[in-house]
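Below is one structure, written out as structure tokens, with a few remarks after it.
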Amino acid sequence: MTVLRLASWSLRLSPRGLAVCLLLVAAGVAVSLVALSTGEFTVPVPDIVGSLFGRGTPAAELIVWKLRAPRVVTGLLVGAAFGLSGAIFQSITRNPLGSPDFIGFTAGAATGGIVAVVLGGSSWQIAGGSLLGCVACALLVYALSFRNGVQAHRLILVGIGVSALLTSADWYLLTRANINDAATAGAWLTGSLGGRGWEHALPVACALALLLPVCALVSRPLRMMEMGDDSAKAVGIRVEPVRAAAVTVGVLLCGVATAATGPVVFVAMAAPQLARRLTRSPGVTMLASALMGAVLLVTADLAAQRLLAPVQLPVGIMTAAIGGTYLVYMLRKERR
Amino acid sequence: MRLQGTGLTLSYDDRVVASGLDVAIPDGSFTVIIGPNACGKSTTLRALARMLKPRAGTVHLDGSLITSLPSKEVARRLGLLPQSSIVPDGITVADLVGRGRYPHQRLMRQWSKQDETAVGSAMEATGVADLADRCVDELSGGQRQRVWLAMALAQETSILLLDEPTTFLDIAHQIEVLDLCADLHEQGRTLVAVLHDLNQACRYATHLIVMREGRIVAEGDPAEIVTAELVRDVYDLRCEIITDPQSGTPLIVPEVRRRARATASG
Ligand SMILES: Nc1ncnc2c1ncn2[C@@H]1O[C@H](COP(=O)(O)OP(=O)(O)O)[C@@H](O)[C@H]1O
Ligand SMILES: [Mg+2]
């Protein structure tokens, strides 16, 4: 920890944490540039930068700003939202498995979205459906696991059960849908960034702009609460309001992110864990988790587009493959 | 009195632990709470430190309802070392002790010179200064307990509540911690500690509170209230009380089980 002082002001920073964040920003920019410039048509990086200032060729403008940029930006924003949501829930449950993809919130969002698809909803209605599904599922899991307060392990077990139920409900709904809707819904269910436009990025951007300040405010109290409620209260933290605010933000971020891309699994689980290991921070690291989520998702999407080109994999399959490997690695390490 | 609870009914959901409990902590005292397991010592301490909302009754700190004071303000006057806490993965001793400074910090004053000094002297006092850069999860139970104590000390509150501060320590470290508490008390702080060892309680307490099943059975100067009858009533233990040859305070000597001795000698 380094302390910066100016008169009676003082700021506390971890140099390592700062370095990790800067590196992640650099990695995010680099991967985004690759994603913007490569593909069926290559647009050289200078042309991308040129069109950023309105001095690009019409072809570059079309390919970069209409087709590729929305996808990349949506990926960055959704990744950041999943990273933050995961960081919040892992901190509250004090467990890496406490992330929204395991405790059923992502599954709730997915089912909400599918219901909207099957009812023939527009893209806004699908987004609304998945947000609603996420909130409803969070309330359900919370209510089911509430007994004399909520214990983390019970929340996780109930969440896993509810996820399984919802997944079977998803497939049932798909069988009831007409063939077109079923195809749309099926693609959406794996989590995909294909064909995403600015209209998908915008809601996530708004949600992040509104909720990031709340994340910043609760991050230090959340870290203290990892020592137990009594220890946190002893130093003057108002545990219940902080937890309520954090849960609300976490559920909203998860819902909004799932609404944009469908349930991209494992980003919310892996991003905060990787961020913590890199920064060596004791406890939740909001900014690094958000940046890590963004980098992970755009990188996974790039890999999903290019690895088996011209076959395009949905990014959810890629993150599931990478994340599953990581989960097994983490559990093996924990054992020792 | 600066800290007192009146007519407290304390419960976890439906389970009532105490009802109509009046508890007052004399200013400047070293108060020790004793009583059998599960009699409500921790619960009482938690209610006094606003960790647990009483179902009925009130807790006053410095004449104000404790719930009406800002949370950080309370934390600058009253500290609590809970019976158990969770060590965050990979945190260093200095970091953990530094967390005790939270109520003194603000968004634009995250680490003042005063924070630095307080953490330094808390680590000195508890003998963990040499461990400052070690990870807490690598320490022994006793060292860890002293780190938690250091965190509570760094908070620099004039009232300090300690729930079983000596539980994981060997006898030498127990005495060390209790001597430290006695020093803090002499420096003018009000201390409240839950202890399990009756003899230590009698030796260190200036005010003893004896609890059983959510009620206060006796309280006052240990030399005046501790009798063989009291120990029998509270712990169902037959004993003899003699005078501690070192401190002159009551010393509880449990009765030898007749049959066991008979078997041993025969
Ligand atoms: N978090 C809790 N939830 C439910 N019951 C509790 C909780 N904590 C303590 N209790 C119960 O309250 C009673 C008093 O507990 P406690 O105050 O911890 O006892 P002590 O500290 O004297 O050993 C016990 O019967 C215990 O089982
Ligand atoms: Mg106890």
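The values are calculated or read from the model by the stated rules, or taken from the named source; none is laboratory data. All of these numbers come straight from a predicted model, not from anything done at the bench. Neighbour counts run over all protein chains shown; Cβ positions are idealised from the backbone, glycine included. Please note that ligands, DNA and RNA were not included when accessible areas were found on the heavy atoms of the full protein model with its side chains. Shrake-Rupley method; radii C 1.70, N 1.55, O 1.52, S 1.80 Å.
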Please state which one of B:Asp130, B:Asp115 is at pLDDT below 95 and acidic (Asp, Glu).
B:Asp115
Contact list please: Cβ distance under 8 Å, first residue in region B:82-96 and closer than 15 Å to A:Arg276 by Cβ, second residue within 16 Å of ligand 2 (Cβ to nearest atom) and aliphatic (A, V, I, L, M), pairs at least six apart or on different chains.
none
Tally time: how many residues in region B:103-115 are at the interface with chain A (Cβ under 8 Å from one of its Cβ atoms) and farther than 12 Å from B:Glu156 by Cβ?
5
Pair list, Cβ under 6 Å, 6 or more apart: region A:190-206 residue among the hydroxyl-bearing types (Ser, Thr, Tyr), other residue open to solvent by 50 Å² or more (accessible area, probe 1.4 Å) and part of a helix (DSSP H, G or I)
A:Thr190/A:Ile317
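Select from region B:44-55 the residues that are within 12 Å of ligand 2 (Cβ to nearest atom) and open to solvent by 10 Å² or more (accessible area, probe 1.4 Å) and list them in ascending order. Even if it seems obvious, please write down each step before you answer.
Going residue by residue through region B:44-55, those that are within 12 Å of ligand 2 (Cβ to nearest atom) are B:44-46.
Within region B:44-55, just B:Arg46 meets the criteria.
Determine whether B:Val23 is away from chain A (no Cβ under 14 Å), under 20 Å from B:Gln200 (Cα atoms) and of a type in the set (A, V, I, L, M, F, W, C). Spell out how you get there, then give the answer.
Values: away from chain A (no Cβ under 14 Å): yes; under 20 Å from B:Gln200 (Cα atoms): no; of a type in the set (A, V, I, L, M, F, W, C): yes.
Criteria not met by B:Val23.
Can you list the helices (runs of 4 or more DSSP H) lying wholly within region B:111-212 that have 3 or more residues being out of contact with any Pro (no Cβ under 6 Å at 6 or more places or on another chain) and within 22 Å of A:Met227 (Cα to Cα)? Step through it out loud before you land on a result.
Values: elements: B:113-126, B:141-154, B:171-186, B:198-204.
Helices (runs of 4 or more DSSP H) meeting the threshold: B:113-126, B:141-154.
Quick check on this structure: which one of B:Val23, B:Val16 is touching a residue at least 60 places away in the same chain (Cβ under 8 Å), over 26 Å from A:Arg147 (Cβ atoms) and part of a strand (DSSP E or B)? Spell out the reasoning first.
Details: B:Val16 fails: over 26 Å from A:Arg147 (Cβ atoms).
Sole residue among the options that is touching a residue at least 60 places away in the same chain (Cβ under 8 Å), over 26 Å from A:Arg147 (Cβ atoms) and part of a strand (DSSP E or B): B:Val23.
Yes/no per residue for (1) under 30 Å from B:Asp115 (Cβ atoms); (2) open to solvent by less than 30 Å² (accessible area, probe 1.4 Å); (3) within 14 Å of chain B (Cβ to nearest Cβ); (4) touching a residue at least 12 places away in the same chain (Cβ under 8 Å):
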| position | (1), (2), (3), (4) |
| --- | --- |
| A:Ser8 | yes, no, yes, no |
| A:Leu23 | yes, no, no, no |
| A:Leu33 | no, no, no, yes |
| A:Pro46 | no, no, no, no |
| A:Ala59 | no, no, no, yes |
| A:Trp65 | no, no, no, yes |
| A:Gly79 | no, yes, no, yes |
| A:Ile88 | yes, yes, no, yes |
| A:Ile92 | yes, no, yes, yes |
Residues of region B:116-128 being in contact (Cβ under 8 Å) with a residue 40 or more places away in the chain and either open to solvent by 10 Å² or more (accessible area, probe 1.4 Å) or within 13 Å of chain A (Cβ to nearest Cβ) (or both), which ones?
B:Ala125, B:Gly127
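Out of all the residues in region B:80-92, is one or more in a loop (DSSP other than H, G, I, E, B), away from chain A (no Cβ under 13 Å) and buried (at least 19 other Cβ atoms within 10 Å of the Cβ)? Write out each step before concluding.
We begin by selecting, within region B:80-92, every residue in a loop (DSSP other than H, G, I, E, B); these are B:82-91.
When the remaining residues are screened for being away from chain A (no Cβ under 13 Å), the result is none.
Checking region B:80-92: not a single residue is in a loop (DSSP other than H, G, I, E, B), away from chain A (no Cβ under 13 Å) and buried (at least 19 other Cβ atoms within 10 Å of the Cβ).
Is region B:52-63 home to any residue that is more than 14 Å from every other protein chain (Cβ to nearest Cβ), assigned to a loop (DSSP other than H, G, I, E, B) and within 15 Å of ligand 1 (Cβ to nearest atom)? First the steps, then the outcome.
Residues of region B:52-63 that are more than 14 Å from every other protein chain (Cβ to nearest Cβ), as a first pass: B:54-58, B:60, B:62-63.
Now narrow it down to the ones that are assigned to a loop (DSSP other than H, G, I, E, B): B:54-55, B:62-63.
After this cut, where a residue has to be within 15 Å of ligand 1 (Cβ to nearest atom) as well, the list is B:54-55.
Looking for residues that are more than 14 Å from every other protein chain (Cβ to nearest Cβ), assigned to a loop (DSSP other than H, G, I, E, B) and within 15 Å of ligand 1 (Cβ to nearest atom), one finds at least one in region B:52-63, hence yes.
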Select from region A:184-238 the residues that are small (Gly, Ala, Ser), within 14 Å of chain B (Cβ to nearest Cβ) and outside any helix (DSSP H, G or I) and list them in ascending order.
A:Gly228, A:Gly236
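Take the conditions near ligand 1 (Cβ under 9 Å from one of its atoms) and small (Gly, Ala, Ser) and apply them to B:Ser19. Does it pass?
Details: near ligand 1 (Cβ under 9 Å from one of its atoms): no; small (Gly, Ala, Ser): yes.
Answer is no for this residue.
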Selected residue (only one of B:Gly90, B:Gly120, B:Gly141, B:Gly100 is modelled with pLDDT of 95 or more and over 26 Å from B:Arg2 (Cβ atoms))
B:Gly120
Count - residues of region A:137-183 that are of a type outside the set (A, V, I, L, M), open to solvent by less than 80 Å² (accessible area, probe 1.4 Å) and either touching a residue at least 40 places away in the same chain (Cβ under 8 Å) or over 21 Å from A:Met225 (Cβ atoms) (or both)
8
Looking at (1) at pLDDT 95 or above; (2) away from ligand 2 (no atom under 16 Å from the Cβ), which is the only condition B:Ile175 fails?
(1)
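For region A:35-44, which positions are open to solvent by 50 Å² or more (accessible area, probe 1.4 Å) and of a type in the set (S, T, N, Q)?
Result: A:Thr42, single match.
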Give B:Ala228, B:Ala201 a once-over and let me know the one that is open to solvent by less than 90 Å² (accessible area, probe 1.4 Å), small (Gly, Ala, Ser) and within 23 Å of B:Thr43 (Cα to Cα).
B:Ala201
